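Encoded as structure tokens, the structure appears first; notes follow it.
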Amino acid sequence: MMRQQLTRFLIAPLWAALILGLPCAVRADDGSAILAATTTYLSTYVFAQPANPDTIEERIVGSYAVVDWTQGNAAGEMLLQNGASGWTVLRAGGGRFSPQMLGNVGISATDAAKLLQTCAPSMRVPLSVKHTSGRRIRSAIRCTL
């Protein structure tokens, strides 16, 4: 009985949002889609072999995401945008992005601050994502902003 009530409580608002065409904040596949965009970029432009990141931490605000990644001794940060063709990498680098750089892409100062903030432990949500090789990412985290 309790399970049915909980299911109705969680599912009903999602169906209403879909039927009414309202934006829906729940995007269950973003972790995999962001990982796919990240590893494709790393495999193509950074490593001479298929990328297989050890850790990723993503922060999503609207249609933008900042992803920190590590693989062995290498590390970096990527800015992605979710558009008609899915998540694509706009910028990638080895250091931290600045609010000014994010502003140059068209991200508001408020959203840039959220994307660049340190993810406190209370804001971390573990993601269960696997690399295309089938290997589970050691630490995949979404920072809830």
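Return the tail of the calculated pair distribution for the range 43-83, meaning the percent of Cα-Cα pairs more than 17 Å apart.
Tail fraction, whole percent: 35.
Where does each of SER122, SER32 land when they are ranked from fewest to most other beta-carbon atoms within 10 angstrom?
SER122, SER32
Would you kindly work out the equivalent ellipsoid of the range 27-143 from its C-alpha gyration tensor and give its semi-axes, the square roots of five times the eigenvalues, largest first in whole Å?
Whole-Å semi-axes of the equivalent ellipsoid: 21, 16, 14.
A short reminder: the numbers here are calculations on the coordinates, not readings from a lab. Since this is a predicted model, take the numbers as computed values, not measurements. Note that each Cβ is placed from the backbone with ideal geometry, even for glycine, and that neighbours are counted across all protein chains shown.
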